[in-house]
Amino acid sequence: MVDEHEGKGIFSLRPDLLVLQGREVQCVMDTKWKLLDASDRKNKYGISQADMYQLYAYGHKYLKGAAEKSLMLIYPKTEFFQEPLPDFTYEDGFVLKVVPFDLDRGELVWSFKQQP
């Protein structure tokens, strides 16, 4: 995150996953173990403000010049979080998808084919 401080980098900014096409970043993904509730918009579904800032920072670090500015937060699938939430749109065209991961099946409840 900070490229130079007393001659060295400090405060690394590394997401859990990067989706690449060749050398170009297509999507920045991060995983969380918190449990969400898709029906609780009032409490922001259980997503922390820090998680939202983290993905915003990832977008600016890894997707600056990208045409598609795709970000993804992945949380465990539960009875209260079965399907992706509606997209979150940041300024500068960054779009954040919040999707469940089915631990029993070992797969995301989402695919790139769903993307318009």
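The values are calculated or read from the model by the stated rules, or taken from the named source; none is laboratory data. Please read all numbers here as calculations on a predicted model, not as lab measurements. Every residue, glycine among them, receives a Cβ derived from its backbone with ideal geometry; neighbour counts consider all protein chains shown.
Residues Leu36, Leu18, Leu63: which one is of a type in the set (A, V, I, L, M, F, W, C), surrounded by 13 or more Cβ atoms within 10 Å (Cβ to Cβ) and closer than 12 Å to Val98 by Cβ? Steps first, answer last, please.
On the way: Leu18 fails: closer than 12 Å to Val98 by Cβ; Leu63 fails: closer than 12 Å to Val98 by Cβ.
Checking each option against the conditions leaves just Leu36.
Keeping to segment 67-86, report how many residues are assigned to a strand (DSSP E or B) and within 17 Å of Lys34 (Cα to Cα).
7
If you go through segment 87-101 one residue at a time, do you hit one that is in a loop (DSSP other than H, G, I, E, B), surrounded by 17 or more Cβ atoms within 10 Å (Cβ to Cβ), of a type in the set (Lys, Arg) and at pLDDT 95 or above? Reasoning before the result, please.
Step one: of segment 87-101, the residues in a loop (DSSP other than H, G, I, E, B) are 87, 90, 94.
Remaining after also requiring surrounded by 17 or more Cβ atoms within 10 Å (Cβ to Cβ): 94.
Now restrict to residues that are of a type in the set (Lys, Arg): none.
So far as segment 87-101 goes, no, none of its residues is in a loop (DSSP other than H, G, I, E, B), surrounded by 17 or more Cβ atoms within 10 Å (Cβ to Cβ), of a type in the set (Lys, Arg) and at pLDDT 95 or above.
Mind checking which pairs have a first residue in segment 25-48 that is among the basic types (Lys, Arg) and a second that is assigned to a helix (DSSP H, G or I), Cβ under 9 Å, 6 or more apart or different chains?
Here the result reads Lys32/Asp51; Lys34/Gly46; Lys34/Asp51; Lys44/Met52, each pair linking segment 25-48 to a residue that is assigned to a helix (DSSP H, G or I).
All but one of (1) surrounded by 17 or more Cβ atoms within 10 Å (Cβ to Cβ); (2) modelled with pLDDT of 95 or more hold for Lys44; which doesn't?
Unmet condition: (1).
Going by the conditions given, is Asp87 in contact with a strand residue (DSSP E or B) (Cβ under 6 Å, 6 or more places away or on another chain), free of Cβ contacts under 8 Å to residues at least 12 places away in the same chain and among the acidic types (Asp, Glu)? If you could, list the steps in order and put the result at the bottom.
Details: in contact with a strand residue (DSSP E or B) (Cβ under 6 Å, 6 or more places away or on another chain): yes; free of Cβ contacts under 8 Å to residues at least 12 places away in the same chain: yes; among the acidic types (Asp, Glu): yes.
It is true that Asp87 is in contact with a strand residue (DSSP E or B) (Cβ under 6 Å, 6 or more places away or on another chain), free of Cβ contacts under 8 Å to residues at least 12 places away in the same chain and among the acidic types (Asp, Glu).
Check off (1) modelled with pLDDT of 95 or more; (2) in a loop (DSSP other than H, G, I, E, B); (3) out of contact with any strand residue (DSSP E or B) (no Cβ under 6 Å at 6 or more places or on another chain) for Lys64 and give me the number that stays unchecked.
Going through (1) modelled with pLDDT of 95 or more; (2) in a loop (DSSP other than H, G, I, E, B); (3) out of contact with any strand residue (DSSP E or B) (no Cβ under 6 Å at 6 or more places or on another chain) one by one, Lys64 breaks only (1).
Among the numbered criteria (1) over 12 Å from the mean Cα position of the chain (by Cα); (2) under 24 Å from Trp110 (Cα atoms); (3) in a strand (DSSP E or B), which single criterion is violated by Gly9?
Result: Gly9 passes all but (2).
Scan segment 22-42 and tell me whether some residue there is part of a helix (DSSP H, G or I) and not polar (S, T, N, Q).
Applying the first criterion (part of a helix (DSSP H, G or I)) to segment 22-42 yields 41-42.
Okay, now just the ones that are also not polar (S, T, N, Q), so 41-42.
Within segment 22-42, one or more residues are part of a helix (DSSP H, G or I) and not polar (S, T, N, Q).
Would you point out which residue out of Met72, Met52 is touching a Cys at 6+ places or on another chain (Cβ under 7 Å), surrounded by 14 or more Cβ atoms within 10 Å (Cβ to Cβ), under 22 Å from Glu91 (Cα atoms) and modelled with pLDDT of 95 or more? So that I can check it myself, show each step before the final result.
Numbers: Met52 fails: touching a Cys at 6+ places or on another chain (Cβ under 7 Å).
After applying the criteria, what remains is Met72.
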